[in-house]
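One structure is given here, and the rest of the page talks about it.
The values are calculated or read from the model by the stated rules, or taken from the named source; none is laboratory data. The model shown is predicted, which means the values in this text are computed figures rather than measured ones. Neighbour counts run over all protein chains shown; Cβ positions are idealised from the backbone, glycine included. Just so you know, the surface numbers come from the protein's heavy atoms only, side chains and all, with ligands and any DNA or RNA stripped out. Shrake-Rupley method; radii C 1.70, N 1.55, O 1.52, S 1.80 Å.
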Amino acid sequence: MAFYSCLCVLAHSFTVLWLVTPLLWYHQVQGMIVQSNHQERGCDYSIGSWVVDVHHPLYEASRSCPFIGQGFNCLGNGRPDQDYLRYRWKPSSCNLPRFDGKKFLERYRGKKIMFVGDSLSNNMWQSLTCLLHTAVPKSDYTLTSQTKQLSVFFFKEYQTSIMWLKNGYLVDVVHDKEKGRVVKLDSIKSGDQWRGVDALIFNTYHWWTHIGESKTHFEVGNEVKDMDYMEAFRIGLTTWAKWIDSNIDPSKTSVLFQGIAATHSDGKGCQGQTKPVQGSQPLYPGVDIVKNILRSMKNPIHLLDITLLTQLRIDGHPSIYSGRGTSYVDCSHWCLAGVPDTWNEFLYAALIGR
């Protein structure tokens, strides 16, 4: 049964409100961003480093999870080095809760979890399904594509659905014969698909950065125009934020934002990289836009702040081992097992905690 408990502490003329629900732990000041890094007071999960751990990887994709897509199964595609599998993310001031797949499924028995976003959402979705299946390998499951956009991994014993809804922009997209693709920055008509779900994990950014590579225009009101992709991203994400505030009840649905995963396509790219990079990293494009918009929202949104940990993992991409041949170098997606497993450890900390 849902319940709320509030503890208000007045100190030096400001109030901090802790709001607890059975779905998600919130650390919230009105309009403040909610991050995975506040499960423990003073702890920031997003700041840390990659350390070698003999207990990693958490699974072997080819053996444990035959449903993993070919593009993410780097070992299966012939990647010869394996050091990239051995790293664990270690926050600087605390420890991430251990991912417990059985506990996760028990908590979400009879419930629905939906990832909404692009192929990086797919990356995270496949990681989660494998982590959960590895925890209950004898538990029957089905994997179905209900539409061209919707894939569902269903655990029969737990009646739990883990879904991925492909939607790269979150706002509406139409195709015009003359203009090509038109992204309607102020319109969301597909949001009904997001209703009735117990946890929503949204992601958008990657497709916006490829606007210049295709015939794409933006529409605001009834005016179709060209504009800088970052400005378009800001307008589109603001539309999504307003829709969430107006249509999703946070007492019934946990809403999370996946955060921006870094790519490593510049310069020499990721090909041949076998070790993480070290040290501080520059502010990644788009991160400020995401955080400012989430701060402005009425409802609490949990940001899985994965940017820094991905900036450091230049070695974690499929590179030439995506199954498309050695002429194709993928420095955007991530090998499984690998970095997205940590994203799901952040997700576990947010939804389940300790």
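Points to keep in mind about this one:
- Residues in the stretch 275-299 that are closer than 21 Å to L351 by Cα and either open to solvent by 50 Å² or more (accessible area, probe 1.4 Å) or touching a Pro at 6+ places or on another chain (Cβ under 6 Å) (or both): R295, K298, N299.
- Just so you know, in the stretch 307-316 the residues that are of a type outside the set (V, I, T) and not in a helix (DSSP H, G or I) include one that is nearest to C270 (Cα to Cα), and it is D315.
- Search result, residues across the stretch 201-242 that are basic (K, R) and under 25 Å from N122 (Cβ atoms): K215, R234
- Residue count for the stretch 166-219, restricted to those that are open to solvent by 10 Å² or more (accessible area, probe 1.4 Å), among the small types (G, A, S) and closer than 30 Å to R109 by Cα: 2
- Count of residues meeting criterion [within 17 Å of T342 (Cα to Cα), out of contact with any His (no Cβ under 7 Å at 6 or more places or on another chain) and of a type in the set (S, T, Y)] in the stretch 52-96: 4
- Scanning the stretch 144-186 for residues that are out of contact with any helix residue (DSSP H, G or I) (no Cβ under 9 Å at 6 or more places or on another chain) and polar (S, T, N, Q) yields a count of 6.
- Figure legend. Inter-residue proximity from the stretch 227-241: first residues hydroxyl-bearing (S, T, Y), second residues open to solvent by less than 40 Å² (accessible area, probe 1.4 Å) and part of a helix (DSSP H, G or I), beta-carbon distance below 9 Å, spacing 6+ or different chains. Indicated pairs: Y229/W208; Y229/I211; T238/I293.
- Restricting attention to the stretch 307-324, the residues being closer than 17 Å to G69 by Cβ and either free of Cβ contacts under 8 Å to residues at least 12 places away in the same chain or open to solvent by less than 20 Å² (accessible area, probe 1.4 Å) (or both) number 5.
- Flag set for S327, criterion: in a loop (DSSP other than H, G, I, E, B), of a type outside the set (F, W, Y) and without any contact (Cβ under 8 Å) to a residue 40 or more places away in the chain.
- When the stretch 79-97 is filtered for residues that are under 17 Å from W334 (Cβ atoms) and either β-branched (V, I, T) or surrounded by fewer than 17 Cβ atoms within 10 Å (Cβ to Cβ) (or both), the ones remaining, listed by number, are D81, Q82, D83, R86.
- Among residues of the stretch 262-272 being open to solvent by 10 Å² or more (accessible area, probe 1.4 Å) and modelled with pLDDT of 95 or more, the one that is nearest to L304 (Cα to Cα) is T263.
- Residue ID - farthest from R63 (Cα to Cα), chosen from residues in the stretch 330-344 that are part of a loop (DSSP other than H, G, I, E, B) and open to solvent by less than 10 Å² (accessible area, probe 1.4 Å): C331
- Meets criteria (farther than 24 Å from V277 by Cα and at pLDDT below 95) for S64: yes
- Filtered residue count, the stretch 286-306, keeping only those that are free of Cβ contacts under 8 Å to residues at least 60 places away in the same chain and assigned to a loop (DSSP other than H, G, I, E, B): 1
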